[in-house]
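The block underneath contains the structure these notes are about, expressed in structure tokens.
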Amino acid sequence: MNSIRNGLLSVGLLLLGACAGVDGDVIVAVPAYQAQTGASQLSAAPPMAIKLGAFRRQLGTGELPGRIGERKTIGNISLGLVSVNPAPGKLVQNAFLAEIKAAGHRIDNSSAASLEGKIYRFALRTPVTALYWDVLLDAEISVLVKNGSARRTGRYSAVCTERTYAWPGEDIIARVINGCLAEMTGKFRNDRASVRLLAGKS
Amino acid sequence: MTEPVSACSPVNPRPRRFSFLATVSLMLVLAGCGVRPAAPGIEAGGVDRYGHITFVPLIADEVRLVWRDGATREAGERQRVGWKTQLNAGQIASELLREAGTPVTAIEDVKGALLGSDEDTLWETRVWRRLKATGRLDPRGAVIVLRQNALDAQGRQYNPARDFLALGLVGVVIGAATRDDAFQPSFILAINTGFQAALGGKSRCSIGFDARLLDAKSGAILGSVDAVLGQELFPVEIENKKWPEFSADERGLAKTYCTAALRRGIAQAMSELEITRRR
């Protein structure tokens, strides 16, 4: 019975893949990022006001801001493209906002201490075998910290994966994204030089 | 004490799942799986194969709206849009091949090659000859020529016989569109409302073309692919109105998603022509 079920499921998936086209595209609504609770360089710094700028992602001609990758099934067949809402720039900015507040600081757009960033990579793939999909996000950002005339740029990257034996669904994609956001912001929270610069101790 | 549950027991939903899956599969086949899906394009990590690409997009800077509500369909006239579609196509080709290390020269103004009749099967050679005669052809590498097709609202290449059948089946109302409009290539912006939105999905912008890969020096055809489709769904509802009534924001939205459809189509064509090779 199981083999019949798996056979039918495979045929169904192949048909879905072959017919997906744009109707297989998905927009993943990523739930609000939850700040990490552990102690860090950022939480150890005295309370400060920080100006939080945008995180920009360079887009090519005709590239959609929220598009991050593609789901595939066996045989390199596309199941459709994946976009996220909010777009990656906003997702990263929201994650930094949550972390700054959770660490006891406040956002003030007139502050001399500021941070802004660029998104170099935010690419989703779903490598597949006969048994499972890996939902994989490869992300890299740079964060520019400024305080007066002093500035420092840090680069933070993460590769996050979750394996599924059922279906690389939207909930898994959202979890993987938030996992990578936690990893990248975690690296920033413990970047001693950047935090010292924000606190005016360059 | 628990008793073993038989596979056919009402508490075991498997047989229902089989029939559900079979029904869904059948519906998908019937719903038009003959239409080639718009895949996203060239593989990441591919490397240069031809050394240089001359890229010639024969694409009209026009859009045509088709409104469908499930019971009726109305097609509008072609509208000039000023999106610099040919220029964008050249930039897209260059961006897509940058990672592979292939330099691209885009040529956007080959006159007279766009509207060849269906019998004209030598359009790619005509473009190549014209470029060569005017000394604009870089003899290195290969030439890609894209010739835009006329599409119907589903993004399929326009087919008068199928259109006639559709007329008989669902009582289509032909609006301002003339037969000439239906045969002319343009972006197709299909606005789905009401029952059609539930049945056919979101509103979408489509562009289709045939693509040829030629040896730059000899003009020999190295690869060909027909009826490539670039299509993007609008994430928001589009109001059921004519193009001149679109606000600046709505026109901007149409431009964004139609240009995204163009990128998707070009990437797909490059993938099928195997412009790059694996490392």
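The values are calculated or read from the model by the stated rules, or taken from the named source; none is laboratory data. Nothing here was measured: the structure is a model prediction, and the numbers come from that model. As a convention, Cβ positions derive from the backbone with ideal geometry for all residues, glycine included, and neighbour counts pool all protein chains shown. What goes into the accessible areas is simple: the full protein's heavy atoms, side chains included, and nothing from ligands, DNA or RNA. Shrake-Rupley method; radii C 1.70, N 1.55, O 1.52, S 1.80 Å.
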Of all residues making up the stretch A:165-176, the number that are more than 14 Å from A:V82 (Cβ to Cβ) and either part of a helix (DSSP H, G or I) or open to solvent by less than 90 Å² (accessible area, probe 1.4 Å) (or both): 1
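Table: residues versus (1) touching a residue at least 60 places away in the same chain (Cβ under 8 Å); (2) surrounded by 20 or more Cβ atoms within 10 Å (Cβ to Cβ); (3) out of contact with any Ser or Thr (no Cβ under 9 Å at 6 or more places or on another chain).
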position	(1), (2), (3)
A:R56	yes, no, yes
A:G62	no, yes, no
A:I77	yes, no, yes
A:L81	no, yes, yes
A:N85	no, no, yes
A:L91	yes, yes, yes
A:N94	yes, no, yes
A:A103	yes, yes, no
A:N109	no, no, yes
query: Is there a residue in the stretch A:115-134 that is touching a Cys at 6+ places or on another chain (Cβ under 8 Å) and open to solvent by less than 60 Å² (accessible area, probe 1.4 Å)?
result: no
- prompt: Do the conditions hold for B:G82, that is, is it open to solvent by 20 Å² or more (accessible area, probe 1.4 Å), touching a residue at least 60 places away in the same chain (Cβ under 8 Å) and not hydrophobic (A, V, I, L, M, F, W, C)?
  reply: no
statement: Across (1) in contact with a strand residue (DSSP E or B) (Cβ under 8 Å, 6 or more places away or on another chain); (2) modelled with pLDDT under 95, A:G148 clears everything bar (1)
task: For B:R204, work out the one condition from (1) open to solvent by 10 Å² or more (accessible area, probe 1.4 Å); (2) away from chain A (no Cβ under 13 Å); (3) touching a strand residue (DSSP E or B) at 6+ places or on another chain (Cβ under 7 Å) it doesn't fulfil.
output: (2)
field: Single condition B:L214 does not satisfy, out of (1) over 30 Å from B:H52 (Cα atoms); (2) away from chain A (no Cβ under 14 Å); (3) aliphatic (A, V, I, L, M)
entry: (1)
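Quick check on my filter: what residues within the stretch A:148-192 are among the charged types (D, E, K, R), farther than 23 Å from A:I50 by Cα and in contact with a Phe, Trp or Tyr (Cβ under 8 Å, 6 or more places away or on another chain)?
Taking the stretch A:148-192 first, the residues among the charged types (D, E, K, R) are A:151-152, A:155, A:162-163, A:170-171, A:175, A:183, A:187, A:189, A:191-192.
If we keep only those that are farther than 23 Å from A:I50 by Cα too, we end up with A:162-163, A:170-171, A:175.
Answer for the stretch A:148-192, where residues must be among the charged types (D, E, K, R), farther than 23 Å from A:I50 by Cα and in contact with a Phe, Trp or Tyr (Cβ under 8 Å, 6 or more places away or on another chain): just A:R163.
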- line: Checked the stretch B:269-279 for anything buried (at least 22 other Cβ atoms within 10 Å of the Cβ) and either at pLDDT 90 or above or not polar (S, T, N, Q) (or both); matches are B:A269, B:M270, B:I275
Residues of the stretch A:96-142 satisfying the condition of being small (G, A, S) and touching a strand residue (DSSP E or B) at 6+ places or on another chain (Cβ under 9 Å): A:S110, A:S111, A:A112, A:A113, A:S114, A:G117, A:A123, A:A139, A:S142
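Only one of A:A182, A:A199 is more than 23 Å from A:R57 (Cα to Cα), open to solvent by less than 60 Å² (accessible area, probe 1.4 Å) and of a type in the set (A, V, I, L, M, F, W, C). Can you tell me which? Walk me through how you get there before you give the answer.
Working: A:A182 fails: more than 23 Å from A:R57 (Cα to Cα).
Going through A:A182, A:A199 in turn, just one is more than 23 Å from A:R57 (Cα to Cα), open to solvent by less than 60 Å² (accessible area, probe 1.4 Å) and of a type in the set (A, V, I, L, M, F, W, C): A:A199.
Test B:T276 against the criterion of being within 11 Å of another protein chain (Cβ to nearest Cβ), among the hydroxyl-bearing types (S, T, Y) and within 30 Å of A:N76 (Cα to Cα), and give yes or no.
Working: within 11 Å of another protein chain (Cβ to nearest Cβ): no; among the hydroxyl-bearing types (S, T, Y): yes; within 30 Å of A:N76 (Cα to Cα): yes.
No.
Could you tell me whether the stretch B:219-239 includes any residue that is assigned to a loop (DSSP other than H, G, I, E, B), within 12 Å of chain A (Cβ to nearest Cβ) and closer than 20 Å to B:D61 by Cα?
Of all residues in the stretch B:219-239, those assigned to a loop (DSSP other than H, G, I, E, B) come to B:219-220, B:234-239.
Next, only the ones that are within 12 Å of chain A (Cβ to nearest Cβ) stay: B:234-236.
Retained after the next criterion (residues that are closer than 20 Å to B:D61 by Cα): B:234.
Checked the stretch B:219-239: at least one residue is assigned to a loop (DSSP other than H, G, I, E, B), within 12 Å of chain A (Cβ to nearest Cβ) and closer than 20 Å to B:D61 by Cα.
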query: helices (runs of 4 or more DSSP H) wholly in the stretch B:100-186 with at least 3 residues that are at pLDDT 85 or above - which ones?
result: B:123-133
